[in-house]
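Written out below as structure tokens is the structure these notes cover.
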Amino acid sequence: MGYIMKKIAILGSTGSIGTQTLEIVRKEADLQVTALAAGGNVDLMEKQVREFRPALAAMWTEEAANDLRGRLGDLPVRVVCGMDGLLEVASQKESEVLVTAIVGMIGIRPTIAAIEQGKDIALANKETLVTAGHIIMPLAAGKGVSILPVDSEHSAIFQSLHGENKARVSKILLTASGGPFRGKKKEELASMTVEDALNHPNWSMGKKVTIDSASLVNKGLEVMEARWLFDVELDQIQVVVHPQSIIHSAVEYADGGIMAQLGMPDMKLPIQYALFYPDRRPMDTARVDFFRLKQLTFEEPDQETFRGLALAYQAARRGGTLPTVFNAANEKAVSLFLQKKITFLQIPELIESSMEKHFVKENPTVEQILEAEAETYDYIKVKFGE
């Protein structure tokens, strides 16, 4: 079967999603990488550029870009840096799809730039829709651009909606593994270490997302994202704890019928689905064996203990700049936790106090979103005397 070459650019190529995307490119002869962007991992970026030969590479700092430039003098690759570099990668003429595998609100402006150039977005950057969904979704619709979710849960919902009448959606069942602390009570969480929180039972992810999974903040961010992606009300999104991570999420329709997507926990499936949608390419991956599995179990999330999820619903209900504050406070709190400067239980406390202090702006512009982020960072900086 003859395929047409598909050209992709990747933001966050050295991270968990980025490296797995490149594993798929390695296997599929009709995918071509035209641009790569990363934070500070110059060693890995050099290897990626040498293997995949993009015309453009971006590093976050000027220092890292200069280092990379020096190493790649023998190749015809242009090396850029900073936000200008990300914007250049995002709006590069050659690429058709932008994979946004970058962590943080740094992804908003490049995503908007790519949509404005008419590129489809393979979206793995939660923060973009959490904070700017009211800007991104209408813009994508206006430009006729597809937003293809790469997150396993959102990909499952996307797949479960395929071919169905969206007006007949009754509710979205967003599954959660429960993370490494599932079943624990507040008293037990008080003594949990960084190492405990990073020990996820099912998924291999970057540190930030793994901590968010342990606190259920990740699920809160996914609720906010699902609301924008699938144009549903918050009350139509139900979080279901499913420890086996086999059902990746489901959609219930008006007649009570439920469509779900199942599979082994493997991020390469949603990544590949987004890159080749609506085609399904063969994948050499572990398969679900129902006889070995025997049972799937489900629980209600404990929002008293894991307050990050309850705070996410609160931020989403209020809207405006509050989801930005929720997200920014969590980013800072996770960073402080990973540096062992705060305890695990201080993560939701910090999010809540940041939300309480904030004066909400309705329908914020990108500038107002970034101002709310900066204001939240400043508040936490003062609080911790950094």
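The values are calculated or read from the model by the stated rules, or taken from the named source; none is laboratory data. Only a predicted model underlies this, so the values are computations on that prediction, with no experimental measurement involved. Cβ: placed from backbone, ideal geometry, glycine included. Neighbour counts: every protein chain shown. Remember, those area values only see protein heavy atoms, side chains included, never the ligands or the DNA or RNA. Shrake-Rupley method; radii C 1.70, N 1.55, O 1.52, S 1.80 Å.
Yes/no matrix, rows are residues, columns are (1) under 23 Å from V209 (Cα atoms); (2) modelled with pLDDT of 95 or more; (3) in a helix (DSSP H, G or I):
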site: I102; (1), (2), (3): yes, no, no
site: I108; (1), (2), (3): yes, yes, yes
site: I115; (1), (2), (3): no, yes, yes
site: G118; (1), (2), (3): no, yes, no
site: A122; (1), (2), (3): yes, yes, no
site: V130; (1), (2), (3): yes, yes, yes
site: A141; (1), (2), (3): no, yes, yes
site: V145; (1), (2), (3): no, yes, no
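You will find that of F337, F344, F326, the residue that is open to solvent by less than 30 Å² (accessible area, probe 1.4 Å) and assigned to a loop (DSSP other than H, G, I, E, B) is F344 and no other.
Of all the criteria given as (1) farther than 16 Å from Q314 by Cβ; (2) over 21 Å from the mean Cα position of the chain (by Cα); (3) modelled with pLDDT of 95 or more, the one not satisfied by F384 is (3). Counting the residues of region 264-309 that are in contact (Cβ under 8 Å) with a residue 12 or more places away in the chain and either among the aliphatic types (A, V, I, L, M) or on the phi > 0 side of the Ramachandran plot (or both) gives 12. Scanning region 156-211 for residues that are at positive phi and crowded, with 22+ Cβ neighbours inside 10 Å yields G178, G179.
In region 154-204, which residues are in contact with a strand residue (DSSP E or B) (Cβ under 7 Å, 6 or more places away or on another chain), assigned to a helix (DSSP H, G or I) and of a type in the set (K, R)? Once the filter is applied, which keeps residues that are in contact with a strand residue (DSSP E or B) (Cβ under 7 Å, 6 or more places away or on another chain), assigned to a helix (DSSP H, G or I) and of a type in the set (K, R), region 154-204 yields only R168.
Applying a threshold of 8 Å to beta carbon distances and a minimum spacing of six or more residues, or different chains, the list of pairs starting in region 343-368 at a residue that is closer than 14 Å to K383 by Cβ and ending at one that is part of a loop (DSSP other than H, G, I, E, B) reads L350/I342; H358/T321.
Applying the condition of being open to solvent by 30 Å² or more (accessible area, probe 1.4 Å) and either assigned to a loop (DSSP other than H, G, I, E, B) or touching a strand residue (DSSP E or B) at 6+ places or on another chain (Cβ under 9 Å) (or both) to region 18-45 and asking which residue is nearest to V99 (Cα to Cα) yields Q32. Restricting attention to region 84-107, the residues being closer than 30 Å to S335 by Cα and either open to solvent by 40 Å² or more (accessible area, probe 1.4 Å) or in contact with a Leu (Cβ under 8 Å, 6 or more places away or on another chain) (or both) number 14.
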